[in-house]
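Notes follow once the structure below has been shown.
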Amino acid sequence: MLELRSLDAGYGSFQALFGINLDVKAGEAVGVIGPNGAGKTTLMRVISGLIRPGKGTITMEGRDVVATPSHRIVDLGIAHVPENRRLFPRLTVDDNLKMGAYMPGARAKYAERLEFVFDLFPRMKERRSQMAGTMSGGEQQMCAIGRALMSDPKLLLLDEPSAGLAPVVVQQVFELVKRIRSGGLTVLIVEQNVQQVLKVVDRAYLLEAGTIRASGTSEEMMKTDTIKQAYLGV
Amino acid sequence: MQAFLDIFDIYLLEAVVNGILLGGVLALLALGLNLIFGVIDVTWICYAELVMIGMYGMYYMVQVFGLPYWVAAPFAILLVAALGAALHYIVIAPLLTAPPINQLLATGGVLFILQSFATVAFGIDFRNLGIRLPVLAIGEMHFSYSRLLAFIAALLGMLAVYFFMTRTYTGTAIRAISQDRQIMSLMGVDTKRIYLITSALGGALAGLAACLLVLQYDVHPFVGLSFGPITFLICVLGGLGNFVGGFIAAFVFAEIISLGGLFSDLEWGYVLAFAFFIVMMFIRPAGLLARRS
């Protein structure tokens, strides 16, 4: 579904990613793990068009993502839940979800998508007229994922969904990722919480200093010595 | 003594009502400026000069080409909306990431360009539509229809903006973009297009104000000076970019002008309003309803 080939990216003269090759197949959940500053967020941002790559190609179902204007990439079926959620704090939950359905294709399915999101997050239905910025971190994360799902995406990019949340809520977020997956959605998830993320994904990539150091199925990754020592603490 | 109080009360009531009527138009002017500031984060110093061009548009369509007022008004609104969009495209867009002082200087430059253009193109004569609307008399109070009409039209215009901002996808995007510009593309929003629409909307509000003001005031190249400063003060008093604050501040200012004018000349009303503004800037420097950060 999603293919990255020898991708370079960065900010100005600072290069953050070096020759990344990465694949996500339809129906899969793929994790990208690695330390702070490894380039994980940059990877997500370059896929969704928030920054443009220096070199290399990105294709989504055979279509060229790099040649697509940033605001059209969501139309290719890619929805990005950014780091720190980035809700519109002074808009209501309803209006935040409405923004997720901004593209003409999504507007036509607005009522149907809203029902889907409210089924997934009944809490959001209760909070629909509340300002998004006044909700708890966990609720905001639900709203951010709900907003991304409003566009009826094929591929969901999740950037550190567990960051800044209480441990109980982190559990809920990963439960949620499982549920979203079971609906047939393809997921690419970036996480520092390696132990948790390897439980919900099929495959994972280890990103360090802007390059992919290792990749494999979750079981293989859990057995890799370097990952065990550096990230799992066993 | 009683007779004196009766007359005084009537004048007072008349002044209060006139203040409300004036407040409607000032609120409309403030809304346009606040919209641009709140969404695009630039201040159109030349805002009142757009109103001036719209007033000339009305003058030429009605007096020179003989169009009825109702036919000319939509064209004047469209003209100023186009001007607002052009201002954004030509002047603001290239300076979006420039320091605020550069943006102020650039739109300040446009102010002088528009004034000079009007002087050269239209001359310095005072012009009017030659439309004299009757005066409504209620008991011993007198209200001009042009003010009533302006008030109602301004309220309807603001109501239309409110529904546009809250009910449509584009309106919601305009509110969202002021809160997080960077991630708008993730929603599929073309920020350039939203800025252009916002600028056209700000221009349209200036155009509507022009249609209403031209019924009450003569137009000349420097007429913008009569509305510009007071509009800025209202926006600052209400909290720049705060729509509700601007709305309230417009009525506060209008009442001070109107009631102040009651006790002596109208000019003293303006003096009081500006003095009030200065005092308020000491008490609440961020505005009546400062935006919570």
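The values are calculated or read from the model by the stated rules, or taken from the named source; none is laboratory data. Since this is a predicted model, take the numbers as computed values, not measurements. FYI the Cβ positions are ideal-geometry reconstructions off the backbone, even for glycines, and counts take in every protein chain you see.
Observations, loosely collected:
Okay, residues lined up against (1) assigned to a helix (DSSP H, G or I); (2) free of Cβ contacts under 8 Å to residues at least 24 places away in the same chain:
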residue	(1), (2)
B:193	yes, yes
B:198	yes, no
B:203	yes, no
B:206	yes, no
B:222	no, no
B:245	yes, no
B:248	yes, no
B:259	yes, no
B:288	no, no
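- Among the residues making up segment A:115-136, a single one is touching a helix residue (DSSP H, G or I) at 6+ places or on another chain (Cβ under 6 Å) and within 12 Å of chain B (Cβ to nearest Cβ): A:132.
- Unmet criterion (only one of (1) in a loop (DSSP other than H, G, I, E, B); (2) within 14 Å of another protein chain (Cβ to nearest Cβ)) for residue B:183: (1)
- Count of segment B:247-282 residues, restricted to those that are touching a Cys at 6+ places or on another chain (Cβ under 9 Å) and among the hydroxyl-bearing types (Ser, Thr, Tyr), is 0.
- Taken together, the residues in segment A:109-127 that are buried (at least 16 other Cβ atoms within 10 Å of the Cβ) and basic (Lys, Arg) amount to 3.
- Positions within segment B:102-130 being under 30 Å from residue B:14 (Cβ atoms) and surrounded by 13 or more Cβ atoms within 10 Å (Cβ to Cβ), in sequence order: B:127, B:128, B:129
- Members of segment A:137-168 that are in contact with a strand residue (DSSP E or B) (Cβ under 7 Å, 6 or more places away or on another chain), buried (at least 20 other Cβ atoms within 10 Å of the Cβ), of a type in the set (D, E, K, R) and more than 14 Å from every other protein chain (Cβ to nearest Cβ): A:160
Yes/no per residue for (1) under 30 Å from residue A:229 (Cα atoms); (2) under 15 Å from the mean Cα position of the chain (by Cα); (3) modelled with pLDDT under 85:
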position: A:128; (1), (2), (3): no, no, no
position: A:131; (1), (2), (3): no, no, no
position: A:154; (1), (2), (3): no, yes, no
position: A:164; (1), (2), (3): yes, no, yes
position: A:173; (1), (2), (3): yes, yes, no
position: A:181; (1), (2), (3): yes, yes, no
position: A:204; (1), (2), (3): yes, yes, no
position: A:207; (1), (2), (3): yes, no, no
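- Of all residues in segment A:140-150, at least one satisfies being assigned to a loop (DSSP other than H, G, I, E, B) and modelled with pLDDT of 85 or more.
- Total residues in segment B:161-180, condition of a type in the set (D, E, K, R) and either surrounded by 18 or more Cβ atoms within 10 Å (Cβ to Cβ) or at the interface with another protein chain (Cβ under 7 Å from one of its Cβ atoms) (or both): 2
- Filter result (in a loop (DSSP other than H, G, I, E, B) and either over 24 Å from residue A:171 (Cβ atoms) or free of Cβ contacts under 8 Å to residues at least 60 places away in the same chain (or both)) within segment A:196-221: A:209, A:210
- Number of positions in segment B:75-97 that are farther than 18 Å from residue B:43 by Cβ and buried (at least 18 other Cβ atoms within 10 Å of the Cβ): 4
- Filter result for the condition that a residue is crowded, with 22+ Cβ neighbours inside 10 Å, over 17 Å from the mean Cα position of the chain (by Cα), assigned to a helix (DSSP H, G or I) and among the small types (Gly, Ala, Ser), over B:48, B:72: B:72
- Matching entry among B:106, B:153, B:121 (being more than 14 Å from every other protein chain (Cβ to nearest Cβ), in contact with a helix residue (DSSP H, G or I) (Cβ under 9 Å, 6 or more places away or on another chain) and within 21 Å of residue B:31 (Cβ to Cβ)): B:153
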